[in-house]
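One structure below.
Derivation of every value follows stated rules applied to the coordinates shown; laboratory data play no part. Given the structure is predicted, the values throughout are model-derived calculations rather than measurements. Glycine also receives a Cβ, built like all others from the backbone with ideal geometry; neighbour counts cover every protein chain displayed.
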Amino acid sequence: MTDQVTAPINDWLKSEVGSNDVVLFMKGTPQFPQCGFSSTVVQVLDYLGVPFASHNVLESDELRSGIKDFSNWPTVPQLYVKGEFVGGCDIIREMFEAGELRDLFANKGVQVNAA
Amino acid sequence: MAMQAPDIERLILAALPGARVTITDLAGDGDHYSAEIIWAGFEGQSRIQQHQAVYAALKGRMGGELHALQLKTRSA
């Protein structure tokens, strides 16, 4: 992992979103979220029973700014499913409430608990 | 660092002419707002594209000067 991180952050981000079915870039950790919006997305994923990798953007300024350029999205959290940027807190919550998020995971072959 | 609701609305309307914008101050600290934006130009765009259009209208203030702007966007 160490040599990858010294490579441009984009290469590392590309490999992270490519090698994890579901990955959440957030402030804090799933156990200790440090932002209400990040916490909301963690709760939605836990409620759906979706396993996910996470990265704490507060641990690295390079990651915190790099992720925003990577997706052309100015805020965190950011959720990626099968390498694709799905959205931040607003979109994840809106999709969840509309039942679209469960469908997205099912369509992409990501394990999600029964309705 | 904070913004006032009228300034947010002005920036959005400048970039999305004719949009109907409703801004709600969530915390009274000039940093946490929600905005509902109805704009015909969103037609055919994904939620991500719609929100990116709003962020672009704010010219880099999102996530910096403006900490939180909860968005609800639709075309009609």
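Helix A:61-71 and the longest principal axis of the C-alpha atoms of chain A enclose an angle of approximately 60°. Its relative contact order, with pairs defined as Cα atoms under 8 Å and 6+ residues apart, puts chain B at 37 percent. A prolate overall shape is assigned to region A:3-107, the ratio a/c of its alpha-carbon gyration tensor axes (a ≥ b ≥ c) being 1.5 or greater and a/b exceeding b/c. Annotation for A:Lys14 and B:Ala27: the two label points, set 7 Å from Cα along the Cα-Cβ direction, are 3.7 nm apart. Across chain A, the relative contact order, built from alpha-carbon pairs under 8 Å that are at least six residues apart, equals 30 percent. For chain B, the longest principal axis of the C-alpha atoms and the axis of helix B:5-15 are separated by about 30°.
The Kirkwood radius of chain B, taken over pairs of alpha-carbon atoms, gives through the Stokes-Einstein law at 10 °C and 1.306 mPa s a diffusion coefficient of 130 µm² s⁻¹. Cross-link partners of A:Lys108 among lysines, defined as those whose alpha carbon lies under 20 angstrom from its own and excluding same-chain residues fewer than eight positions apart: A:Lys14, A:Lys82. Per-residue ellipticity at 222 nm computed for chain A from its helices equals -14500 deg cm²/dmol, with DSSP H segments shorter than 4 residues left out and the rest contributing -39,500 (n - 2.57).
Tilt of helix B:47-57 relative to the longest C-alpha principal axis of chain B, in degrees (0 to 90, nearest 10)? Long axis of B:47-57 versus the principal axis of chain B: about 60 degrees. What does the C-alpha gyration tensor say about the overall shape of the protein assembly as shown? Classify as rounded when a/c is under 1.5, otherwise prolate if a/b is larger than b/c, or oblate. The shape class here is prolate. Partner shielding of A:74-80 amounts to 3, given as the average count of beta-carbon atoms from other chains within 10 Å of each residue beta-carbon.
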